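**Student:** Pasting in a structure now, in structure tokens, and then I'll have a few things to ask.
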Amino acid sequence: MVKDQVRAIGIDDAPFKFSEEDVLVVGSVVRAPNYLEGVLSTRVQIDGTDATENIIEMVDRSKFKDQAKIIFIDGAAFGGFNLIDLEKVNKRTKIPVISVSREKPDFDEIEKAIKHHFEEWEEKYKLVKKGEIFEVETEYKPIYIQKEGIELEEVERLIDLFTQLGRLPEPIRISHIIASGIVKGESKGKA
């Protein structure tokens, strides 16, 4: 069981245009339930393959790494289809990882999109399908998660601990606000 003063890193990408080369990714270091202690950043290629490595490097170089007990990631990819290998992030950082989505993934639609955009689509689709999807109840509506290095019961507890309003944990929401504010000049939209 983790303490209530646990620190999390919430990671989200900024709004982007597919005509751009890369996208800003922000990590917010938050002490439960919502105290912002630090901000991390990196960039990843649009539709690239560097999201996993760049997230690992961002976390590893941070002074907060040894304090973070969980990494929350908004979705399974940044910058379009730059997919994140949760297992690799967990193994290399030695921090449990939870990917959070508002909507249940539609794997048929995802497969169509990947096939349409990439000649070498099989590896990307295999990564999308890696890991079981769990539905987690929140005060409002359920969210859908994938997890690595942590039990479902602890995931539910941490989501409850870090979620103040709405459905998403504060570390993700804060990263979304920061990233969109930097790119757009003012934060817009939902995380």
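The values are calculated or read from the model by the stated rules, or taken from the named source; none is laboratory data. What you see is a predicted model, and the numbers here were worked out from it, not measured in a lab. Neighbour counts run over all protein chains shown; Cβ positions are idealised from the backbone, glycine included.
**Student:** With (1) part of a loop (DSSP other than H, G, I, E, B); (2) more than 17 Å from the chain's Cα centre (by Cα); (3) modelled with pLDDT of 95 or more as the list, and residue 154 as the residue in question, which single condition is left unmet?
**Tutor:** (1)
**Student:** To continue, here is another question. Among 4, 74, which is the only one that is at pLDDT 95 or above and on the phi < 0 side of the Ramachandran plot?
**Tutor:** 74
Residues checked against (1) surrounded by fewer than 16 Cβ atoms within 10 Å (Cβ to Cβ); (2) more than 19 Å from residue 96 (Cβ to Cβ); (3) of a type in the set (Gly, Ala, Ser):
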{"site": "5", "(1), (2), (3)": "yes, no, no"}
{"site": "8", "(1), (2), (3)": "no, no, yes"}
{"site": "13", "(1), (2), (3)": "no, yes, no"}
{"site": "17", "(1), (2), (3)": "yes, yes, no"}
{"site": "20", "(1), (2), (3)": "yes, yes, no"}
{"site": "24", "(1), (2), (3)": "no, yes, no"}
{"site": "28", "(1), (2), (3)": "no, no, yes"}
{"site": "32", "(1), (2), (3)": "no, no, yes"}
{"site": "44", "(1), (2), (3)": "no, yes, no"}
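**Student:** Looking at (1) modelled with pLDDT of 95 or more; (2) in contact with a Leu (Cβ under 6 Å, 6 or more places away or on another chain); (3) of a type in the set (A, V, I, L, M); (4) part of a loop (DSSP other than H, G, I, E, B), can you tell me which one residue 191 breaks?
**Tutor:** Every listed condition holds for residue 191 apart from (1).
**Student:** Testing residue 144 on (1) farther than 21 Å from residue 26 by Cβ; (2) in contact with a helix residue (DSSP H, G or I) (Cβ under 8 Å, 6 or more places away or on another chain); (3) at pLDDT 95 or above; (4) among the hydroxyl-bearing types (Ser, Thr, Tyr), one condition comes back false. Which one is that?
**Tutor:** Unmet for residue 144, out of (1) farther than 21 Å from residue 26 by Cβ; (2) in contact with a helix residue (DSSP H, G or I) (Cβ under 8 Å, 6 or more places away or on another chain); (3) at pLDDT 95 or above; (4) among the hydroxyl-bearing types (Ser, Thr, Tyr): (2).
**Student:** Moving to a separate point now. Mind listing just one residue for me: the one in the range 7-34 that is farther than 19 Å from residue 188 by Cβ and part of a loop (DSSP other than H, G, I, E, B) and, of those, farthest from the chain's Cα centre (by Cα)?
**Tutor:** Here the residue is 19.
**Student:** Quick one: which of 159, 145, 133 is closer than 25 Å to residue 106 by Cβ, in contact (Cβ under 8 Å) with a residue 60 or more places away in the chain and not acidic (Asp, Glu)?
**Tutor:** 159
**Student:** How about the range 126-141: which of its residues are surrounded by 14 or more Cβ atoms within 10 Å (Cβ to Cβ) and not in a helix (DSSP H, G or I)?
**Tutor:** 130, 131, 133, 134, 136, 138 - these are the residues of the range 126-141 that are surrounded by 14 or more Cβ atoms within 10 Å (Cβ to Cβ) and not in a helix (DSSP H, G or I).
**Student:** Condition first: surrounded by 16 or more Cβ atoms within 10 Å (Cβ to Cβ), part of a strand (DSSP E or B) and either within 14 Å of the chain's Cα centre (by Cα) or touching a residue at least 60 places away in the same chain (Cβ under 8 Å) (or both). Can you find one or more residues in the range 47-65 that meet it?
**Tutor:** The answer is no; no qualifying residue exists.
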